[in-house]
Amino acid sequence: MSKDFWYELAGQPEAVEQIKRTVENRDQGVFHSWLITGPPGSGRSVLAQKFAAALQCEQQGCGKCHSCVVAAAGTHPDINVLSTEKVQIAIAEVRDLVNQSSFGSSMGGYRVLIIEDADRMAPVAANVLLKALEEPPANTIWILCAPSEVDMLPTIRSRVRKVNLKVPSVEDVAMLLIERDQVDPKLATLVAAEAQSHIGMARRLALSPEVRKRRHQYLSAAMSINNVSQAVKTSAKWLELAKKDALDLTKERDEEELQELRHSLGLTPSDTVPPTYRPDIKRLEENQKRRATRSLRDGIDRILVDLLALYRDVLTVQLFTGAELVNRDLEIQIREVATSTTAKNTIHIIDEIEKARDRIDRNVRDMYVLDSLATTLKRSAL
Ligand SMILES: [Zn+2]
């Protein structure tokens, strides 16, 4: 079955239409700088990559020609992508990309430069980019991705054309998982709801029973805290699960990068690293360590986001709103908590979880934040 070139943009017909129209009218010139905004997991990077591929394709995005195939593989010579897992994009990385932009296209088409997570540029790095946006060479297209417009400097915001992605519906995400990843329809709907329509997260939950079990564990534990010592144990458990999750995500990638670097230095897997190359290896390891810190932080935030949804579910039951629960698999426990506590208490908990997210974001010590949150979740007798 041949799928539509844009089908992975689940639930985003307006944004897809805007980009398709731009590509259709490319003979009249394409605007040089774009900003794709949308919540994490809504498909920003996918849209950027499809936009770039469609611009390069003679048929405006067929998915089958050589250009489309290498674009999808991330090896198109005229598409450069800057993606990062680090907390911040380094100024050197942006400079490097700006240098690439000055080369123009190698095949007479466009040179497309994509910055994923453009909100992670420090102001100095953003200013390097700004200079490039002010005087773009002909047929050079910049595509920036960020959660929202306000994450970008006003000077950059005023120079870009905006494309806005929405939170896709649970049904849209489930449909994509069924079509693209052959996930069982019932499971697809469950995980799409659990991931609150974050496409990447939903996919992970669907394809890894381990990840889904972990999620189940930390949410169940949250609802069973009856005293202070349990609170302390539960927060330690959360941190442990967040670490496991972060480790899973980074381990494979770290190893791959190391092998790649060794290969490019001409080392076989059994060679010891000669002293001249040690700084290269060390730099890679330092980068990976920084990234691991970020993944752990993301892992903790994921737990907090899931806890938010859990207590909104509790509140839904307490207020009889009749809305569908996010955590349908935990319904029995949710109802039990709902009948043994008050809505006022649940609202207080939701508030405290929001505060905890904010504190983690501001680098307050993880264990301290989680301990104090777990204590708040302790169920006191009515
Ligand atoms: Zn094509």
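The values are calculated or read from the model by the stated rules, or taken from the named source; none is laboratory data. The structure presented is a predicted model; accordingly, all values stated were derived computationally and were not measured. Please note: Cβ atoms are built from the backbone with ideal geometry, for glycine as well, and neighbour counts cover all protein chains shown.
Please verify whether the range 61-78 includes one or more residues that are modelled with pLDDT under 95, buried (at least 18 other Cβ atoms within 10 Å of the Cβ) and aliphatic (A, V, I, L, M). Yes - at least one qualifying residue is present in the range 61-78. Scanning the range 60-83 for residues that are polar (S, T, N, Q) and under 24 Å from residue 97 (Cα atoms), we see that the one that is nearest to the ligand (Cβ to nearest atom) is 67.
Say whether the condition of being more than 25 Å from residue 15 (Cα to Cα), basic (Lys, Arg) and surrounded by fewer than 21 Cβ atoms within 10 Å (Cβ to Cβ) is met by at least one residue in the range 167-184. The answer is no; no qualifying residue exists.
Of 231, 206, all but one fail to be assigned to a helix (DSSP H, G or I) and either among the β-branched types (Val, Ile, Thr) or over 23 Å from the mean Cα position of the chain (by Cα) (or both); the exception is 231.
Filtering the range 109-130 to residues that are part of a helix (DSSP H, G or I) and farther than 14 Å from residue 142 by Cα leaves 119, 120, 123, 124, 125, 127. What do you reckon, is residue 92 over 22 Å from residue 160 (Cα atoms) and within 16 Å of the ligand (Cβ to nearest atom)? So residue 92 fails the test.
If you go through the range 274-314 and pick out every residue that is over 25 Å from the mean Cα position of the chain (by Cα) and either assigned by TED's automatic domain parsing to the domain that holds residue 188 or among the hydroxyl-bearing types (Ser, Thr, Tyr) (or both), you end up with 2.
Whenever a residue of the range 202-219 is surrounded by 14 or more Cβ atoms within 10 Å (Cβ to Cβ), its partners that are of a type in the set (Gly, Ala, Ser) and outside any helix (DSSP H, G or I), lying with C-beta atoms within less than 7 angstrom and at least six residues away or across chains, give the pairs 202/195; 205/195. The set of residues in the range 315-344 being of a type in the set (D, E, K, R) and within 30 Å of the chain's Cα centre (by Cα) consists of 324, 328, 329, 331.
May I ask you to verify whether residue 29 is within 16 Å of the ligand (Cβ to nearest atom), under 19 Å from residue 135 (Cα atoms) and without any contact (Cβ under 8 Å) to a residue 60 or more places away in the chain? No, not satisfied. How many of the residues in the range 24-80 are in contact with a Pro (Cβ under 9 Å, 6 or more places away or on another chain) and among the small types (Gly, Ala, Ser)? Residues flagged as in contact with a Pro (Cβ under 9 Å, 6 or more places away or on another chain) and among the small types (Gly, Ala, Ser) within the range 24-80 amount to 5. Find the residue count for the range 242-268, including only residues that are over 20 Å from residue 215 (Cβ atoms), at pLDDT 80 or above and either within 18 Å of the chain's Cα centre (by Cα) or surrounded by 14 or more Cβ atoms within 10 Å (Cβ to Cβ) (or both). Total satisfying the criteria: 4. Residues in the range 45-59 that are out of contact with any helix residue (DSSP H, G or I) (no Cβ under 6 Å at 6 or more places or on another chain) and near the ligand (Cβ under 8 Å from one of its atoms): 2 in all.
Of all residues in the range 157-200, those satisfying the criterion of being within 17 Å of the chain's Cα centre (by Cα) and on the phi > 0 side of the Ramachandran plot are 196, 197. Candidates in the range 171-201 are the residues that are touching a residue at least 60 places away in the same chain (Cβ under 8 Å) and hydrophobic (A, V, I, L, M, F, W, C); of these, the one that is nearest to residue 3 (Cα to Cα) is 176.
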